[in-house]
Amino acid sequence: MAEMAPADVPSFDLFKDRYVGALSASHPLAGQDLSLDEFCSLDHVLVTPSSDGFYGPTDEALAAVGKTRRVAVTLPNFLSLPNILRESRFVTVAPERILSPFSDQLFIFAPPIPLPKISMICVWHELSSRLPAHSWLRERMAEIASDMTLGF
């Protein structure tokens, strides 16, 4: 049973990930250790599928220590994030799996505040459990996810 899924819902863990910070490799702060105050003072890009949000896990962690950040841009998905970062002075916090393929264009760093690990899970309705096509799809997802390692 995958963590975070209700006990009565079929599920399994796909993979774990962690949050990393990133900004353009040409950013004046690239290569430097950012203090928490420096990090908070930058303009941030937040990826959120929610239309109501300038708030995410980073903001929760910052609030716990009495800090906030400036979210200047929100995106509904990660597709354009690397290009936006590369061509701007924005910073972001996102899953390492999303950003690591762009490490030649971005400066990727450990955020200056502890953030929770990410658990990606596969969840489905019980009625789909016995469908051969659905079973096949779940098996392929598990197979692909097992090949996506980053040292966790």
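All of the numbers you see were taken from the coordinates with simple rules; none came from a lab. Keep in mind it's a predicted model, so treat the numbers as computed, not measured. Every residue, glycine as well, gets a Cβ built from its backbone with ideal geometry; the counts of neighbours run over all protein chains shown.
For the pair residue 143 and residue 36, how long in nm is the line joining their label points, each one 7 Å along Cα→Cβ?
Those two pseudo-labels are separated by 4.6 nm.
Nearest-5 percent of antiparallel DSSP beta bridges in the chain? Display every interim value, and only then the final one.
Working: 15 of 22 bridges.
Among the beta bridges of the chain, antiparallel pairing accounts for roughly 70 percent.
On a 0 to 90° scale, report how tilted helix 132-146 is relative to the longest principal axis of the chain, with both axes built from alpha carbons and the result rounded to the nearest 10.
For 132-146 against the chain, the angle is about 40 degrees.
Output the Kirkwood hydrodynamic radius of segment 19-114, Cα pairs only, in Å rounded to one decimal.
Numbers: mean 1/r = 0.0755 Å⁻¹.
So the Kirkwood estimate lands at 13.2 Å.
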